[in-house]
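Trainee: Below are the C-alpha cells for one structure; questions will follow.
Laboratory data are not the source of any read-out in this text; all were calculated from the coordinates shown. If you're wondering where the values come from, they're calculated on a predicted model, not measured in any experiment. Neighbour counts are summed over all protein chains in view; Cβ atoms, including those assigned to glycine, are modelled from backbone coordinates with ideal geometry.
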Amino acid sequence: MLIGKKLSTYPDENGMYGEFGGRYAPESLRPALIELEEAFMSRTPKFLRELTRLNQDYGGRPTPLYHAKRLSDHVGGAQIYLKREDLLHGGAHKINNVLGQALLAKELGKKRIIAETGAGQHGVATAMVGALFGFETQIYMGTKDIERQKPNVNRMELLGAEVIPVDKGSSSLKDAVNEALRDWVGSVETTHYMIGSVVGPHPFPLIVREFQSVIGQEIKEQSHRVFGKLPDLVVACVGGGSNAAGTFYPLIDNCVDLIGVEAGGNSQGHGATISKGSPGIFHGAYSYVLQDNDGQIQEAHSISAGLDYPGVGPEHSFWRSVDRVRYEAVTDDEAVRAFYTLSRMEGIIPAIESSHAISKAVEIAAVMHPKQNIVVTLSGRGDKDLLRELEDNS
Ligand SMILES: *Cc1c(COP(=O)(O)O)cnc(C)c1O
C-alpha cells in the first residue's frame, strides 16, 4: 500500500488523474462541460449551506456508523462497522449526488434534466430531485433493464419522470448512457445531464466524487467518536465507483487500508473492470474497461444490476496505478451468501451490490484482531432484490 504521498488533489486542467480521465466528448459538448466545471468550482457558501440543508432534511444525513456486533462476534475477528447509506431517502447513496447536481443545474438555469439508469436506482433518485426542483425529467433505460426492474420504472413515472426505452446494443446501461449523451449533444442549451457515477468526461468524475465525499467525511468524524481512531480497513463496492470514491477520497492521505470490491459474477461473465479489464477510452474518459483484443466493449455480467457496467471511474484507475487502493472481485454466490448472513445476523437487508463489500469485509475480518476495526459502506438497502433473490434460491 502506498502511504505518505498526498493524493487528495483535483485532476489537472485536462481532467487527468495521472494518466487516466480526460474529456473525450464531442466538440459540441465542450462549452457545457466547461460551464459546468466553472459553476462547480465557484460554489458559494450559500450553495454549500443549501446542499447541507437538503442532505439533512431531505436526504436524511448524517447516516449512522453502526457497530455490527453480532456479525463481528460471529466472524470472530475484527470489529465490523456499517456506514448506513441504506437509510437515506430512496434507499441508497445516489441521493448525495443528485441533490448536488440539481443545485448546479438550477444555478445554470437549466429547465430539463436527463439521466441514464441501469437498475433504476439512479433513475429514481433523479426523478425525486426532478420533482423537488420542478425540472422536466427524462430517463434513458435499456429495454432489458425495464423488464428486469419494473418497480423502479413505476416509481420514476409516479414521480413525474418519463422513462425512454433504449433497444440499441445490449439494451442495458451502457446503451442508455450512449443515448443520454446523444440527447445532450442536441439539447445542451436547456438540459443538464445528471450522470449517476464517477464516470464520463471531466468534470463529471470530480463533481460526483465531491458530492459523494460526504460519506467518507462522516466516517472520519464518526470513527473518532465511536472507536477513538481511524479504521484499519475500509471496504466499498465498485460499479461505476461513486460510493467507493466518496468513501475513500477523504481517507486517501491517511494510513487506512482501502479495498474496492468489484462484481466477480459467475461462469457467464463478470463486472470486474479494474481486476480483469485493461485501459481504454469509454464514455468520455480513459480508464479501465472490459474490452476484447480489438477494443470492442464487452458486456458486463453480475447478479447486481448496479455493478453490471463495463467501465469504471478514472480516479479508481489512478488509485490502482499508484497502488493506493486494492481492487478485488467477489462472485455472485459469495454476495448472495453475505446478503443472507447480514439479514439474519443483524436484521439489515443489504442491497445485493453492497453485499459484495460485506462478503469481502467478513472474509478479511476473520483473520484480523478483535481490537482492529473495519468500516464497510452499505451503499443501499436490499428490498429491491428480495423477489429475485428468493426466486434464485427456490
Ligand atoms: C448504483 C449502486 C451501486 C453502484 O454504483 P457506484 O457508482 O459504484 O456506487 C452500488 N450500490 C447501490 C445500492 C447502488 O444503487
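Trainee: Any chance you could check the Cα centroid distance between the range 70-102 and the range 278-316 for me, in angstrom?
Mentor: One Cα centre to the other: 25 Å.
Trainee: Just to be sure I understand the model, the point goes 7 Å from the Cα along the line to the Cβ. What's the resulting Glu147 to Ser321 distance in nm?
Mentor: In this crude spin-label approximation the distance works out to 3.9 nm.
Trainee: Just in the range 105-136: which trypsin sites (Lys or Arg not before Pro) are loop by DSSP and have at most 15 other Cβ atoms within 10 Å?
Mentor: Answer in residue order: Lys111.
Trainee: Now a separate question. Subtracting the Cα-Cα distance from 0.36 nm times the residue separation, let me have the gained length for Ser187 to Asp167 in nm, one decimal.
Mentor: Going from the current span to full extension adds 5.1 nm.
Trainee: Given contacts defined as C-alpha pairs under 8 Å and at least six residues apart, what's the relative contact order of the range 285-330, whole-number percent?
Mentor: Relative contact order comes out at 33 percent.
Trainee: Along the principal axes of its C-alpha atoms, what lengths does the range 100-159 span, in descending order and rounded to whole Å?
Mentor: Between the extreme Cα coordinates on each principal axis of the range 100-159 lie 36, 18, 16 Å.
Trainee: While we're here: With an 8 Å Cα cut-off and a minimum separation of 6 or more residues, compute the relative contact order for the chain in percent. It would help to have the intermediate numbers written out before the result.
Mentor: Working: 856 pairs, mean separation 84.0, N = 394.
Worked out over the chain, it gives 21 percent.
Trainee: When only DSSP loop residues count, what GluC sites (Glu not before Pro) in the range 1-84 have their Cβ near at most 16 other Cβ atoms within 10 Å?
Mentor: Sparse-neighbourhood loop GluC sites (Glu not before Pro): Glu13, Glu19.
Trainee: Quick check: pseudo-label points 7 Å beyond the Cα along Cα→Cβ at Ser42 and Asp12, how many nm apart are they?
Mentor: Going from the Ser42 label point to the Asp12 one covers 2.6 nm.
Trainee: How big is the antiparallel share of DSSP beta bridges in the range 184-324, given as a percent to the nearest 5? Each step should come with its number before you reach the end.
Mentor: Working: 9 of 14 bridges.
Roughly 65 percent of the beta bridges in the range 184-324 run antiparallel, per DSSP.
Trainee: Still on this structure, I have one more. Could you tell me which of the pairs Lys144/Lys384; Lys110/Lys220; Lys110/Lys384; Lys5/Lys229; Lys83/Lys144; Lys46/Lys220 are separated by over 27 angstrom between their Cα atoms in the structure shown?
Mentor: Lys110/Lys220; Lys110/Lys384; Lys83/Lys144
Trainee: Still on this structure, I have one more. If R0 is 51 Å, what FRET efficiency do you get for Glu136 and His224 from their C-beta distance, rounded to 0.05?
Mentor: E between Glu136 and His224, to the nearest 0.05, is 0.70.
Trainee: If you take the charge dipole of the range 1-55 about its Cα centre, with +1 on Lys and Arg Cβ and -1 on Asp and Glu Cβ, which of Ala25, Leu51, Leu36 is farthest toward its positive end?
Mentor: Sorting the options by dipole projection puts first Leu51.
Trainee: Indicate, rounded to the nearest 5 percent, the antiparallel portion of the DSSP beta bridges found entirely in the chain. Each step should come with its number before you reach the end.
Mentor: Numbers: 17 of 51 bridges.
For the chain, the DSSP antiparallel bridge percentage is about 35.
Trainee: Also: For the chain, report the convex hull volume of the alpha-carbon atoms normalised per residue, in Å³, without decimals.
Mentor: Dividing the Cα hull volume of the chain by its residue count gives 131 Å³.
Trainee: How large is the dipole of the range 154-206 about the Cα centre if only Lys and Arg carry +1 and Asp and Glu carry -1, each at its Cβ, rounded to the nearest 20 debye?
Mentor: About 180 debye.
Trainee: Compare the Cα positions of Ala236, Leu251, Thr137 along the charge dipole of the chain (+1 at Cβ of Lys, Arg; -1 at Cβ of Asp, Glu; about the Cα centre) and return the one farthest towards the positive end.
Mentor: Going by the charge dipole, the pick is Leu251.
Trainee: Still on this structure, please answer the following. Once the Cβ-Cβ distance between Leu158 and Ser267 is put in as r, and R0 is 51 Å, what FRET efficiency do you end up with, to the nearest 0.05?
Mentor: Approximately 0.85, to the nearest 0.05.
Trainee: Note down the magnitude of the dipole of the range 25-70 about its Cα centre, charges +1 on Lys and Arg C-beta and -1 on Asp and Glu C-beta and zero elsewhere, to the nearest 20 debye. Please list the in-between numbers first.
Mentor: Values: 8 positive and 6 negative charges, 112 e Å.
Here the range 25-70 has a charge dipole of around 540 debye.
Trainee: Once you charge only the Cβ atoms, +1 for Lys and Arg and -1 for Asp and Glu, what is the size of the charge dipole of the chain about its Cα centre, to the nearest 20 debye?
Mentor: About 1200 debye.
Trainee: Given a cut-off of under 8 Å on Cα pairs at least six residues apart, what relative contact order in percent is computed for the range 67-195?
Mentor: Relative contact order of the range 67-195: 25 percent.
Trainee: Please label the shape of the range 278-332 as rounded, prolate or oblate, based on the square roots a ≥ b ≥ c of the eigenvalues of the alpha-carbon gyration tensor (a/c under 1.5 means rounded; beyond that, a/b larger than b/c means prolate, else oblate).
Mentor: In terms of gyration-tensor shape, oblate.
Trainee: Oh, and also: How much net charge surrounds Gly380 when only other residues with a Cβ under 9 Å from its Cβ are counted (Lys, Arg +1; Asp, Glu -1)? All intermediate terms of the calculation are to be shown ahead of the outcome.
Mentor: On the way: positive: Lys94, Arg381, Lys384; negative: Glu85, Asp86, Glu353.
In short, 0.
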